[in-house]
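A.B. asks: Submitted below is the structure of interest, expressed as C-alpha cells.
The values are calculated or read from the model by the stated rules, or taken from the named source; none is laboratory data. Keep in mind the model is a prediction, meaning the values are calculated, not measured. Because the Cβ atoms are built from the backbone with ideal geometry, glycine has one as well, and the counts that use them run over all protein chains shown.
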Amino acid sequence: MEQKIYYEDYELGSTRTTIGRTITEADIVLHAGQTGDFFPHHMDAEFAKTTEFGKRIAHGTLTFSVAVGSTANVINPVAFSYGYDHLRFIRPVFIGDTIHTKVTIHNKEDHKKNPNMGIITERLEVINQNDETVLVADHLLMCQKKAAL
C-alpha cells in the first residue's frame, strides 16, 4: 500500500501495533546462514542448556529484523529510513515465542541542513506473548515537509 505521509501529518504520541510473528527454529538456522553468526547460544542445544537461559535463543539481529520488517506495511514515497538509535536487547527470544512491535511517534525535529525535511523518531517496543518487552530501538525517519511542495 502506498500512502504519502508528510512530516506535518505525524502526531506525537500516536501508536500502531503490528501483527504477531512466531519465531521458529528455521528462522534461527536461516539467519545464522545469512549472517555467518553460528554462535552456540543460537545453534547448539547442548551448549545452550549450560547458559543462564537454559535453551537456545534467537539472534538479537534476527529479532530486530523480524520486528522492523513487520512495521513495513506502508510505502511512503516522501520518507525513508535514516537509521536506528538506542537499540537494546532487553530479554531473550526463544524458539516458539511470538513477538509483535508497538510503534510510537516519540519526537519530531527539523533537519539541520535541509529545511524541506524533518526527522521523525519512532520508538519501537518489541513485545512477546507474555507481554514482556524483549527489544527497544528508536527508528529515525527522514520525511518531506508539505512546505517543500
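A.B. asks: Looking at (1) touching a residue at least 60 places away in the same chain (Cβ under 8 Å); (2) part of a loop (DSSP other than H, G, I, E, B); (3) not charged (D, E, K, R), can you tell me which one residue 38 breaks?
C.D. replies: (1)
A.B. asks: Please count how many residues of the stretch 19-33 are under 18 Å from the mean Cα position of the chain (by Cα) and either surrounded by 14 or more Cβ atoms within 10 Å (Cβ to Cβ) or of a type in the set (D, E, K, R) (or both).
C.D. replies: 6
A.B. asks: So, of the residues in the stretch 130-148 that are of a type in the set (A, V, I, L, M) and part of a helix (DSSP H, G or I), which turns out to be modelled with the lowest pLDDT?
C.D. replies: Looking at residues that are of a type in the set (A, V, I, L, M) and part of a helix (DSSP H, G or I), I get 148.
A.B. asks: Scan the stretch 47-72 and report the pairs whose first residue is within 15 Å of residue 29 (Cβ to Cβ) and whose second residue is part of a helix (DSSP H, G or I) and of a type in the set (Val, Ile, Thr), with Cβ atoms within less than 8 Å and a gap of 6+ or a chain change.
C.D. replies: 56/28; 58/28; 59/28; 59/35; 61/35; 62/28
A.B. asks: Of all residues in the stretch 74-95, which are more than 24 Å from residue 55 (Cβ to Cβ) and in contact (Cβ under 8 Å) with a residue 60 or more places away in the chain?
C.D. replies: Listed by number, the residues that qualify are 74, 75, 76, 77, 78, 79, 80, 81, 82.
A.B. asks: Given (1) within 30 Å of residue 144 (Cβ to Cβ); (2) surrounded by 15 or more Cβ atoms within 10 Å (Cβ to Cβ); (3) under 20 Å from the mean Cα position of the chain (by Cα), identify the lone condition not met by residue 111.
C.D. replies: So residue 111 meets the others, but not (3).
A.B. asks: Further, regarding this structure: For the stretch 80-129, which residues satisfy the criterion of being part of a strand (DSSP E or B), of a type in the set (Val, Ile, Thr) and in contact with a Ser or Thr (Cβ under 8 Å, 6 or more places away or on another chain)?
C.D. replies: Scanning the stretch 80-129 gives 98, 99, 101, 103, 104, 105, 126, 127.
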